[in-house]
Amino acid sequence: MDIKTIAAPLHEQDTDAVIAFLFADNQLHSAAKALDEALNGALTELIEAGDLSGEAGRVLTFYPRGAIAARRVIIVGLGSVSEFSAEALRRAAALGLQRARTLKATSVAITIAGTGRGGLSIADAAQAIVEGGLLGLYRYHGYKSKAAEEDNDNPQSITLCVYDDVDIAAAEQGIHIGRTMVEGAALTRDLVNLPPNVCTPPYLAQAATEMADEVGLKVTVLEKHQMEALKMGALLAVAQGSDTPPRFIILEHNAARASELPTVVLVGKGVTFDTGGYNIKTGEGMRSMRADMGGAAAVIGAMRIVARLDIPLHVVGLAPAADNMISGNAYRPSEVITASNGKTIEIVSTDAEGRLLLADALVYAARYKPAAVVDIATLTGSCIVALGTAAAGLFSIDDTLRDKLLASGEATGERLWQLPLFPEYSKTIETPNADMLNSPGNRFAGVGASAAFLRNFVDYPAWAHIDMAGKMQHDKDNPYDPGPFASGYGARLLAEFVRRWTQ
Ligand code: BES
Ligand code: ZN
Ligand code: ZN
């Protein structure tokens, strides 16, 4: 897709469609006003007739019949000025471009809205429009034997129109960031959408390697014998029930400058399918478990963005990947296993497997002497009970790290909500038989117990844990999150966090 910026008004564009935006107070300003004038007051008339309104979610298509060069005018509501944010603009842009696609418009011009009364900078507005628009046009192609007709109907060219001595360079920078964010999030979505017989640990490692080669990241993939040499007994206990071998994926940005730059490590849970093991899930519970590598996919997507934006930090992405299956060799409840830091774990539930992968990865992260470590995982149903699908849970032992993550979630629309690390939660995983249990004996605060568990493997001052179980699936009420299954949650969030760590 060709995306460019020009300093010219929307109504001069000779495209299949032009897209403009309107706030809920229906006041025609700047681009919309100029468009209305070029249309001899048609928009004013539509507003007065009650047919056009700027309420959030409203989209109106209008056929200008020669008054301007474009074939169609699409007006999208932004909602109220007081509630406006980049998130509102992302959603509106998605609705506008989806309408253009439905109408088979191959060339589209869009005005960069939100900078005047909306209060966004030109760069942020351009980024939000590109990000929301392209995320909204995302499609997963799947494995239909006959390609769908709709597969290639995305607009071919998008022109962002700016004028009134706007800083074109800033707009172009915003577009670049937006496009890069979408490429990362789309990779995350693709990986999560894939069926579990395709997206196995070796496949995930292969996909990460191809991406790394494309964008210039260093990549290392550890195989089972290397994990054995590192004594990763927790990860290996989970992996041993499957005929498909595990992989430990390591992506590195600025590897050659590791000694001079601060290091940030991102860790993602990569359970390519979670049956629950001998603590087997129900059919219903298993239905979405191909998304149990959503954390790993988020880290891989984020690393792509970090590389493309060339963030001036040493950034490491770790993705421990394994299947959680049942077999004659699968691990069982009551077994005691030993993680790579020597700590022993008594298994209560083979379904609390993600924290076992993360344990060995968090231990591995310490070798980089990191300034910050953030892990992300579809870790507990308990987090969904606590927060629903409205936010991912955030635990942090460092307030600066927490604040940067919360701000990143706010900026990207990938919301986080802090949950406590009370000492009581550590008590719930005490056992006479080992250093800890892998899950508590009772069903209270399971999400807190999971974070308390992970903390046993953290040996650096700034660590945060994100439980994205409620966020792995797409949100049907969000226009730029069209599914059909994966949300792509975490890629933009983590990349934005890394950007903010430099500031
Ligand atoms: N992958 C699941 C968590 C999950 C559940 C993610 C539903 C998304 C939707 C995880 O491995 C798991 O099974 N956790 C258990 C932990 C329990 C056994 C302590 C859970 O949440 O029930
Ligand atoms: Zn599980
Ligand atoms: Zn799991």
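Read-outs throughout are calculated quantities, based only on the coordinates presented, and are distinct from any laboratory measurement. This structure is a prediction, so every number in the text was calculated from the model and none was measured. Cβ placement follows ideal geometry from the backbone for every residue including glycine, while neighbour counts extend to all protein chains displayed.
Worth a mention:
- Over all orientations, the chain has a Cα convex hull whose mean projected area works out to 24.0 square nanometres.
- Lysine pairs meeting the criterion (Cα under 28 Å, 8 or more apart or interchain), as found in region 194-486: 28
- In loop segments of region 114-218 as defined by DSSP, the trypsin sites (Lys or Arg not before Pro) with at most 12 further C-beta atoms inside 10 Å of their C-beta are 144, 146.
- Angstrom value of the Kirkwood radius, inverse mean 1/r, which spans all Cα pairs in region 2-179: 16.1
- Calculated on the alpha-carbon coordinates, the convex hull of region 376-476 measures out at 94 cubic angstrom per residue.
- Summed residue charge, Cβ within 14 Å of residue 350's Cβ, Lys/Arg positive, Asp/Glu negative: -4
- Based on the reciprocal of the average 1/r between different C-alpha atoms, the Kirkwood radius for region 194-486 equals 18.9 Å.
- Cβ-defined net charge surrounding residue 196, 10 Å radius [Lys, Arg +1; Asp, Glu -1]: -2
- DSSP loop GluC sites (Glu not before Pro) with at most 16 other Cβ within 10 Å: longest gap in the chain: 84-222
- Bins of 10 Å from zero: percent of alpha-carbon pairs in region 139-277: 9, 27, 30, 21, 10, 3, 0
- Working from Cα pairs under 8 Å separated by at least six residues, relative contact order for region 2-179 is 29 percent.
- The convex hull built on the alpha-carbon positions of region 417-503 has an orientation-averaged projected area of 8.2 nm².
- Considering only beta bridges that DSSP places wholly inside region 2-179, some 15 percent are antiparallel.
- Loop-resident trypsin sites (Lys or Arg not before Pro) (DSSP state other than H, G, I, E or B) in region 1-89 with no more than 12 further Cβ atoms inside 10 Å of their Cβ: 65.
- Chymotrypsin sites (Phe, Trp or Tyr not before Pro) restricted to DSSP loop in region 56-147 with at most 13 other C-beta within 10 Å: 143
- The alpha-carbon atoms of region 286-359, seen along their principal axes, cover 47, 34, 17 angstrom, with the largest extent given first.
- In the chain, helical runs assigned H by DSSP with n ≥ 4 each contribute -39500 (n - 2.57); averaged across all residues and rounded to the nearest 500, the mean residue ellipticity at 222 nm is -11000 deg cm²/dmol.
- Overall dimensions of region 191-258, expressed as equivalent-ellipsoid semi-axes from the Cα gyration tensor (√(5λ), whole Å, largest first), are 23, 18, 7.
- Potential lengthening between residue 256 and residue 40 on full extension [0.36 nm per residue; Cα-Cα distance subtracted]: 71.7 nm
- Sequence-separation-based contact order of the chain, relative, with Cα cut under 8 Å and 6+ spacing, percent: 15
- Over the C-alpha atoms of region 83-208, the Rg to Rh ratio, Rh being the Kirkwood estimate, stands at 1.05.
- Theoretical gain in end-to-end length, residue 121 to residue 226 [0.36 nm per residue, Cα-Cα removed]: 32.9 nm
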